[in-house]
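We did not get these values from a lab; they are worked out from the coordinates using the rules stated. On a predicted model such as this, the values are computed, not experimentally measured, just so you know. Neighbour counts are summed over all protein chains in view; Cβ atoms, including those assigned to glycine, are modelled from backbone coordinates with ideal geometry.
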Amino acid sequence: MKLASLVLVLGSTGACKKASPSTVDQTPAHAGSAVATPPAGVPAGATLDQVIAHAFGTMTVNEVQVRHVGANGRLDRAHGEVFVLSMYPTDKRGDEAKRRLGAPIEWNADTMYAKFTTWNSVLNETSTTGYHANQALATRPACTVGQVWKRALAAGAPVEALAKITLKAGADGRAQHWLFTVTDVPRKTYFRLEVADDCPAILEAGGN
């Protein structure tokens with residue numbers, strides 16, 4: 001069965017120098033935008049991390065990109081977006097009769113079918129489909145966007161910047177991790193940091 005892909009772009013205010021990464025868990029991802037209600041399936045007042053969690057609950061995710069996000073964990077109103085690349089297999093799956101229940105699925109093809117859909121801050125949608133060579137599938141991340149920003153700040157990331165934060169699925173013997181980048185060619189600013197997706201679990205309200 002084909003799994004649909006969804007990319008959500010929820011606008012917010014840009015970063016300021018007194019921004020606190022921890023606000024990502026308390027502030028709606030769409031705060032300050034013209035969006036009155038989120039798309040179907042996303043809870044009202046969703047944070048960026050709730051949007052990402054929703055993606056993992058409904059899609060087979062290969063990669064997540066949070067583009068133009070400030071140190072306060074909120075998307076820039078003009079440029080911010082959340083991109084989710086989801087995958088679904090072609091009809092070239094390996095011999096299922098030989099695969100033990102719960103074992104990894106093996107594919108005969110070198111690529112899998114992919115769908116790329118983008119929502120801008122006013123929920124206009126564009127999408128494309130094609131094939132994607134990386135078959136690795138990501139798991140729901142252990143780190144929040146705010147925690148990734150916090151680690152980047154500790155490593156010297158400019159607090160006033162807008163970053164692109166990408167969740168990379170584990171592949172080629174590497175564990176799942178985040179890639180944090182700030183690139184501004186005219187201002188000669190280039191910051192790149194790989195962040196392990198190994199943050200301690202956060203006890204959610206109502207949890208045991």
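Taking a sphere under 14 Å around the Cβ of residue 155 and counting the other residues whose Cβ falls inside, with K and R at +1 and D and E at -1, yields a net charge of +2.
Between residue 100 and residue 198, what FRET efficiency follows from the Cβ-Cβ distance if R0 is 35 Å, with the result rounded to 0.05? Efficiency computed from Cβ-Cβ geometry: 0.75.
Each of the peptides 66-79, 187-200, 49-62 was scored by the mean count of other Cβ atoms within 10 Å over its residues; in descending order, highest first, they stand as 66-79, 49-62, 187-200. The ranking of 178, 149 from fewest to most other beta carbons within 10 Å of each one's beta carbon is 178, 149.
Using θ = phi - 60° in the Karplus curve 6.51 cos²θ - 1.76 cosθ + 1.60, the 3J(HN,Hα) couplings for region 61-78 round to 8, 9, 7, 10, 10, 10, 9, 6, 10, x, 5, 7, x, 10, 6, 5, 4, 7 Hz; x is entered for Gly and Pro.
Give, in nm to one decimal, the length gained when the segment between residue 142 and residue 79 is fully stretched (0.36 nm per residue of separation minus the Cα-Cα distance). Mind showing how you got there, number by number?
Details: separation 63, 0.36 × 63 = 22.68 nm, distance 2.58 nm.
Once the chain is fully extended between residue 142 and residue 79, it gains 20.1 nm.
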